[in-house]
Ligand SMILES: [Zn+2]
């Protein structure tokens, strides 16, 4: 099935065609780094990481950019509260963001440009917009004139008057029209500032994304992603200023992900009901969080609750137990299986067995779901069905019995490889679960015992090291010395 993508601009699913054949240029709006990351900051990265994995699998060469907004009113206020500089705060919070991405296995980002490192590019665009009559300087600020762009409002499909009525518009007597937005703001004493033809100041938020995306990806991007809450004014303004500047279409496919909600309330920093990643990972594994974020279609709101996370954690446990079973049957770790990075047809063999036919059918269902506007929720459904089929086959053929048939084991192994292939597309199971079940305290205690055993061995106290292993064994916990260090699992 050819890939189809829902485009916010046209309000329909379209067949996916890139500007340059075989290449995808993708930009996703990143965080304003003034607070530690919360779960809402991870929705876009996890979804678009999965989008990149699938596009790569289909054979595209994908370049993915996520920006860092490291100058903004929020940063200035927060740095003042903390008695630090904007730069120090931005660096610390960027490190926190990167750490969260790593934990959630978001590995596909190619460039993370910082706004403060692209001021000259922003000034260049503003000069061009002023020269073309789309922007004007006023009292040290620079504004985009929304009446100069007949298309303004096309992303949200509303005319400018409706947009103004629906949004909080910053009132300023420096503006010509109430809907005009700032490209550049004159700085007040003590605020970070850069020199410009209009005096010292700093960029507005919208111009940052236009400058960084076009610098790294060219004038027309294939995909521009972001949360639904960014559609207006941020993306509408990005679109207006970019197209007014270049005269070219700015984006082929605008993709907007749904937001998290707790019960009937949306989760947002402004409401104060956000859950920090650090707190969340005390209770639930990173893999549980990733699977939760992918279990709904990306355009729908994601239900967030502790119970929902616990439920997802339990369903992951079925996979973990199956991987132990696979190890018993095939004598190797599921995590060592290589996942193919490119799509190829699945060979059911001839004559095809009923089992491999079923595997092939579920694989097609999974891939068709992702081809239908990246329906990860549907794909995950097919993954559970595949797990059930594998367990059923292992039961029916008694693969854990000594009298098993080796050709059945080989067939089973081929089915498991499909599970490896498909789960990798979702960024799941890249390493053994941190805690054998999702309890962070257990994980920390186990690490303590593993460290103590390693120290005992270093001090040549082998009796103590053996005793730790034996006593854990009595509790049903098996230590495994692997090349990268010692791991553990429940026996
Ligand atoms: Zn942006």
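Here, each number is a calculation from the coordinates, and none is a lab measurement. These numbers come from a predicted model, not from an experiment. Cβ atoms come from the backbone with ideal geometry, glycine included; neighbour counts cover every protein chain shown.
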(request) Could I have the simple spin-label model distance between residue 215 and residue 333, label points 7 Å from Cα toward Cβ, reported in nm to one decimal? (result) 4.1 nm
(request) Sort 224-232, 338-346, 390-398, 318-326 for me by packing, meaning the mean count of neighbouring Cβ atoms within 10 Å per residue, highest on top. (result) 224-232, 318-326, 390-398, 338-346
(request) Rank-order 34-44, 186-196 by packing density, defined as the average count of other C-beta atoms within 10 Å over each peptide's residues, highest first. (result) 34-44, 186-196
(request) Specify whether the C-alpha gyration tensor of region 51-178 places it in the rounded, prolate or oblate class, a ≥ b ≥ c being the square roots of the eigenvalues: rounded for a/c under 1.5, otherwise prolate if a/b is larger than b/c and oblate if not. (result) oblate
(request) Could you work out how far helix 86-103 tilts from the main Cα principal axis of the chain, as a 0 to 90 degree angle to the nearest 10? (result) 30 degrees
(message) Report the Cα centroid-to-centroid distance between region 338-356 and region 92-151 in angstrom, as an integer.
(response) 46 Å
(request) State, as an integer percentage, the relative contact order of the chain based on alpha-carbon contacts under 8 Å between residues 6 or more apart. (result) 16 percent
(request) Once you have a ≥ b ≥ c as the square roots of the Cα gyration tensor eigenvalues for region 440-490, tell me rounded if a/c is under 1.5, and otherwise prolate or oblate according to whether a/b is larger than b/c. (result) prolate
(message) Tell me the angle of helix 236-246 to the major Cα principal axis of the chain, expressed in degrees between 0 and 90 and rounded to the nearest ten.
(response) 70 degrees
(request) With a/c under 1.5 counting as rounded, go ahead and sort region 315-425 into rounded, prolate or oblate using the C-alpha gyration tensor (a ≥ b ≥ c being the square roots of the eigenvalues; past the cut-off, prolate if a/b is larger than b/c, else oblate). (result) prolate
(message) Show log10 I(q)/I(0) for region 227-363 at q = 0.09, 0.10, 0.14 Å⁻¹, two decimals, from a solvent-free Debye sum over equal Cα scatterers.
(response) -0.52, -0.62, -0.96
(message) From the P(r) of region 4-283, could you give the percentage of C-alpha pairs in the tail past 28 Å?
(response) 37 percent
(request) Work out how much length residue 442 to residue 347 would gain on full extension: take 0.36 nm times their residue separation and subtract the Cα-Cα distance, in nm to one decimal. (result) 30.0 nm
(message) So if I restrict to the alpha-carbon atoms in the chain, what is the Rg, and what is Dmax, the biggest pairwise distance, in Å?
(response) 26.1, 86
(message) I'd like the FRET efficiency for residue 357 and residue 102, computed as 1/(1 + (r/R0)^6) with the beta carbon distance as r and R0 of 30 Å, rounded to 0.05.
(response) 0.15
(request) Note the angle between two axes, namely the Cα long axis of helix 406-425 and the longest principal axis of the Cα atoms of the chain, as a number of degrees from 0 to 90, rounded to the nearest 10. (result) 20 degrees
(message) Can you tell me the length gained on complete extension of the stretch residue 451 to residue 231, counting 0.36 nm per residue apart and subtracting the Cα distance?
(response) 74.3 nm
(request) Give me the percent of DSSP beta bridges within the chain that run antiparallel, rounded to the nearest 5. (result) 55 percent
(message) Expected output is a single nm value to one decimal: the length gained when fully extending between residue 324 and residue 480, i.e. 0.36 nm times separation in residues minus the C-alpha distance. What is it?
(response) 54.9 nm
(message) What whole-number distance in Å separates the alpha-carbon centres of region 1-49 and region 259-280?
(response) 21 Å
